[in-house]
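The numbers here are math on the coordinates, done by the rules we state, and not lab data. In this text, all values refer to a predicted model and were calculated from it rather than measured experimentally. All Cβ positions, glycine included, derive from the backbone under ideal geometry; neighbour counts span all protein chains shown.
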Amino acid sequence: MTCLSRYVLRHNMLFLLMMCAIGLSVYVFIDLFDRLDDFLEAQVRLQHIAQYYLYRIPFILAQIFPAVFLLALITQLGIMLRNRELLALQACAISVGTVARTVLGYALLLCLVHFFFSQVLGVAGYKAADQIWNVEVRNRHLATRSLSDIWFRENMTMVHLHQVTPAASAGQGITVYHIDPNHAGRLTETISAQKFSATPQNWLLYNATRTMPDTFTQIHEPTLHLPLQTDVASFLSVDPKASMESLPLWQLGREIERLHDSGSNIERLQTAWHMKLAYASSVLIMALIALAMVSLCSSLYVMIPAGLVVTFCYYGVFVAFASAGENGLIPPLAAAWTGNVLFAALAAAPLILKTHHV
C-alpha cells in the first residue's frame, strides 16, 4: 500500500465513522419518534426497545452507508482541496488520475465490505429486530400468526394458499394445480376451494371445484380429500409479508431457482436479487460522484448540499426503476442497474475531461 493510499484510507475512516454516527443517530431518532406510540401502548420494557434498535443497527448502517460514504468523501476531498493538498500532489507529479484510482480502489473494497455486512449482519439483525417487534409490540406470536399468499410445491402438484393460520391448520382460499409428470408444462387438473383444513397426512377442501383443461369440464364437490403431506406449520419459518431485505442473496437465489422450475412468475424476485448487488456497488458510484463534484466545484459549503441533493436523486431513480422492474415493465437486470449506469456515466464524464485536459 502506497503512502497516498494509507493517507486517504486513514482520513476517510475518520470522516466515515463520524458521518455514520450522525446518520445513525438521526435515523434512530426519527424511527423512535415514529414508533414511540406503539412502544408505549404495548408497554414494552426499555430493555426490549434497546435490543430492538441494537439489532437494527447493522441493517440501518447498510441502508445509509452509500450516502454516508459520499458525504464523508466529499468532506475529505473538499478539505484537501481547500488546504491545497491536491495541488501539492500534482506538484509532486501525482496526477488527478492517480488520486482518482486510489479513491476508486478504496471504494471498490468498501463495496465488498458493504455487501458482506448487509447480507450477513444486516439480515440477521433485521430478523431479530422484526421478531421483537412482532412479539413484544404487536403481540403477534408465531403460533397465532396468519399468513397470506403462500406458494409451495409437492411432487408434481403446485398449491397456492390465499390465507392460512398454521396454528389452526386451516385457511381460506386454495388453488391446486396438478402437473402432468410426463409433460412438466401441461396441467391435468385445477382445483379451487373456498376453505380448507390441513394435516401432515391429508388435506380436506370444502366447496371445491375441479377443472379438467383437456375436456373443459368442471365438477363441484362439497368436500374433497387431497393426499398432501406438507405441514402448514413449516410456513411460519418464512413470512411472505417480510421485505426482501430479510432474505440474503444466496437464499433468494435458491428461491428464484425453485420457483423458476415450477413455472411461477419470478420477475419481482429477480429484480430484488439484482438490486442487492446493485446497491452494494452504489458505494463505487458515490465515489465517482464525489470525485466529479470536487473537479467541478471548490467550495465545501456548496458540495455538501449538492451531495445531499444528488443522493436523493439517486435513491429516487433507483427506487423508480426497481418498482418498474418488480411490476414487469422492464427487465430485472435493467431495473436494478440502470440507475447505477446513468449516474456513473454522468459522474465519469467530467473526470475524463479533466484527466485529458491535465
**Item:** In sequence order, calculated HN-Hα J values of segment 147-157 (Karplus, 6.51, -1.76, 1.60; Hz; x Gly/Pro)
**Value:** 10, 9, 6, 9, 10, 8, 10, 10, 6, 9, 10
**Fill in**
Per the helix-only model, the chain has a calculated mean residue ellipticity at 222 nm (DSSP H runs of ≥4, -39500 (n - 2.57) each, divided over all residues, rounded to the nearest 500) of -20500 deg cm²/dmol
**Prompt:** Where the only charges are on Cβ atoms (+1 Lys, Arg; -1 Asp, Glu), what is the dipole of the chain about its Cα centre, to the nearest 20 debye?
**Reply:** 1220 debye
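For Cα pairs less than 8 Å apart in space and 6+ apart in sequence, what is the mean separation divided by the residue count of the chain, i.e. the relative contact order in percent? Walk me through the numbers before you get to the answer.
Values: 496 pairs, mean separation 60.7, N = 358.
With pairs under 8 Å counted, the relative contact order is 17 percent.
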**Asked** Within segment 106-140, whose backbone N sits under 20 Å from a point 7 Å along Cα→Cβ of Glu41?
**Response** 130-140
**Asked** In degrees between 0 and 90, to the nearest 10, how far off the longest principal axis of the chain does helix 123-132 point, with axes built from Cα atoms?
**Response** 60 degrees
**Prompt:** What is the gain in length, in nm to one decimal, between Ile79 and Asp149 on full extension, counting 0.36 nm per residue of separation less the C-alpha to C-alpha distance?
**Reply:** 19.9 nm
**Asked** Given H placed on each backbone N at 1.01 Å, which residues far from Ile174 in sequence or on other chains put an amide H within less than 5 Å of it?
**Response** His162, Ala193
**Request:** Kindly rank 47-54, 186-193, 266-273 from highest to lowest mean number of other beta carbons found within 10 Å of each residue.
**Result:** 266-273, 186-193, 47-54
**Asked** To the nearest 20 debye, what charge dipole does segment 146-238 have about its Cα centre, counting +1 at the Cβ of each Lys and Arg and -1 at the Cβ of each Asp and Glu?
**Response** 100 debye
